[in-house]
Every structure is written in structure tokens, then in C-alpha cells.
Amino acid sequence: MMPIISLKGLAKTYRTGHVALQPTDLDIEKGEIFALLGPNGAGKTTLISIVCGTVTASGGEALVDGHDIRRDYRAARSMIGLVPQEISLDIFMTVWNSVRLSRGLFGRSADPAYLEQLLRDLSLWDKRDAKVIELSGGMKRRVMIAKALSHEPDILFLDEPTAGVDVSLRRDMWALVRKMRAKGVTIILTTHYIEEAEEMADRVGVIDKGRLLLVERTEDLMHKLGKRQLTLSLPDPLETVPPALADWPLELADGGNKLVYSFDSHAEDNGMPALLKRLDELGIGFSDLDTSRSSLEDIFVGLVEQQA
């Protein structure tokens, strides 16, 4: 099956010489949720903006369901809904008219029932006759999302969609994402809320300094790179890790009051039983123990540091 988005050598260099996006190859399948992770200035918004037609690439090509974004712009753009980071609305227009106009701009016939359900899903129906200028920041963000979905796009780009928004909007936003995905809509999002990417995304791409470092299925990335930690709370603090424990990669934390052991959670022999036995032999007791696994954020930070 042909990917719904296909990027080949896509790149962007500005006249100043700044390389915002190094040559990038990426295929995104229809109906998947793809999360693009990276620090500020990494190139996430540049990549999205090129595909959406708001920034011109310096090289390479981007196809949207087979349509070249430059040669067949109208067909490609009609398939895309974009929720940008910055709020940009006609503040003197009512919510209803704003969303209705957006649908019309894409050449879609009127469908009041669809727009009503969309506004209800975003808790905007009661505000349909209010002017945008009268709305709170969170409500304006909801209108941006409604406008992006007004023409029933096959692909939805969400650029930092929940950054700085309230819990209620975040909840409604992800409920709507799940609903759209169930209808077969492809969703590409950038986010600093890495736990959301970990929970929602089928695949994750990590980008830094304009370079796509890797693309992996979320569960495969966690499996390959995920670590677990065993933290032992010590009743008697240690100044250093005893030489007799050199076989294990141990670190002291909390002023020597905690002993931390990092290990591969998928290894057949994680070394934990042998470590606990050795501690007992050395007379090193512990008052409590806790285990935790690496989050996607830990993995992301580690990957970026490796490339620094």
C-alpha cells in the first residue's frame, strides 16, 4: 500500500545559511498516529510547514496520497487539516461562521449536521454564536481545531496542540484524536508532552538540529532502548560504592542514602537476584526498594545527547 505521506530528501535551508531541515526521508501510513519529538528549533514545525504548503522546501519532494505538494498543491492541501502552534483567527467573526467559512474555502458543500457534531465534540456548541474575541485562550484553541477539521481532512497535523492548554481541552483533544483515528484519519503531531506521544502514537520520530535521528514503532523503541532501575533505600548511607559490587553498574543518589542499579528489563538474566544476594553477604541492608522503567522522555534525552 502506498504511504499517505512520502518524503524523499526533503530539506530546507534559509538564505541566511541556516539549515532548518536536513535531507529527510519519511513514509507515514494511512490511519496511523505519528509523533514527531524534538527540542525547540529541532525542525519539527519546518517539516510540517513544508508538507502543509506554508514553507517552500529547498530540495527533495513531498507527496500527499501521491500528489506532489508543489505541482499539485490544491489536491494535496485539500486532504490536510493543520492546527498550528500560534492562534490565528478572525476575532470579530462568530465561532459558527468561522468554522463554516473554513469548510467553504476548501470547496466542501454545506453540512450543518457535521459542523454541529464537531462543535459539540469540542465543547463549542454553546459558544457557536459568540464572537471569537469574546472567547478565552482555551476556547480559541478549540476553534482552531474545529477549523482544521471543518473540511473533513484525511490527514491532520497537530503542531504542539496541547502546549499551555487546560486539562479539559487536553482531554477533549485526545478524545477527538481517537475518534478521528477510528475513522481512518492519519494524525501527525509534535508535542513536548512526551507521555502523550508514548500513550497515543503508533510510531515515533526523533528529530534534532534538523536531522531525523530515528523512526521506530513506539513499543519497539521502548523494547530496544528501555531500561529499568532498581532503587534501594539504605538505612546507613554509603560514601562510595564498595569495590566488591564492581560487577554491577551501581550509582549512589540522595547523598549516599540510595543505591541505584540500572539494567536491561528484557535480558534473561538482569543481575538483580545476584546483586541482592551479594548485598546480603556484605551486610548492606536496605529499608525499601523501588523499581521503575525508562520513559520515552528518558530515551529521547539519551538519543539527543548521543548525537550532541
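Counting charges near Lys30 (Lys, Arg +1; Asp, Glu -1) among other residues having Cβ under 9 Å from its Cβ returns a value of -4. Neighbour counting of Cβ atoms within 10 Å sorts the residues Ser150, Ser136, Ser123, fewest neighbours leading, into Ser136, Ser123, Ser150.
Say R0 is 35 Å: what FRET efficiency, to the nearest 0.05, do Thr291 and Ala246 get from their beta-carbon distance? Before the final figure, lay out the partial values.
Working: r = 22 Å, r/R0 = 0.63.
Approximately 0.95, to the nearest 0.05.
Listing His151, His67 from fewest to most neighbouring C-beta atoms within 10 Å gives His67, His151. How tilted is helix 137-149 with respect to the longest principal axis of the chain? Cα atoms for both, answer in degrees (0 to 90, nearest 10). Helix 137-149 and the main axis of the chain meet at about 70 degrees. Karplus-derived 3J(HN,Hα) values for region 22-35, using 6.51 cos²θ - 1.76 cosθ + 1.60 with θ = phi - 60°, are 6, x, 10, 10, 7, 10, 10, 7, 4, x, 8, 9, 10, 9 Hz; glycine and proline are entered as x.
Counting only DSSP beta bridges with both residues in the chain, what percent are antiparallel, rounded to the nearest 5?
Working: 37 of 54 bridges.
Approximately 70 percent, going by the DSSP bridge assignments.
Distances over 37 Å make up what percent of all Cα-Cα pairs in the chain? Counting pairs separated by more than 37 Å, the tail of P(r) holds 31 percent.
Take the Cβ-Cβ distance between Asp202 and Arg171 as r, set R0 to 22 Å, and report the resulting FRET efficiency rounded to the nearest 0.05.
Values: r = 21 Å, r/R0 = 0.94.
Approximately 0.60, to the nearest 0.05.
Against the longest principal axis of the chain, how steep is helix 167-182, in degrees 0 to 90 to the nearest 10, with axes from Cα atoms? Its long axis makes an angle of about 70 degrees. Each label point was placed 7 Å from the Cα along the Cα-to-Cβ direction; for Ser136 and Leu238 their separation is 5.1 nm.
Listed by Cβ neighbour count within 10 Å, with the fewest neighbours leading, Lys127, Lys147, Lys209 appear as Lys209, Lys127, Lys147. Once the Cα atoms are used to define both axes, helix 95-105 deviates from the longest principal axis of the chain by about 80 degrees.
Each label point was placed 7 Å from the Cα along the Cα-to-Cβ direction; for Gln85 and Met1 their separation is 3.2 nm.
Since every read-out is calculated from the coordinates, none of them should be taken as a lab result. Note that the coordinates shown come from a computational prediction; the quantities given were computed from them, not determined experimentally. Every residue, glycine as well, gets a Cβ built from its backbone with ideal geometry; the counts of neighbours run over all protein chains shown.
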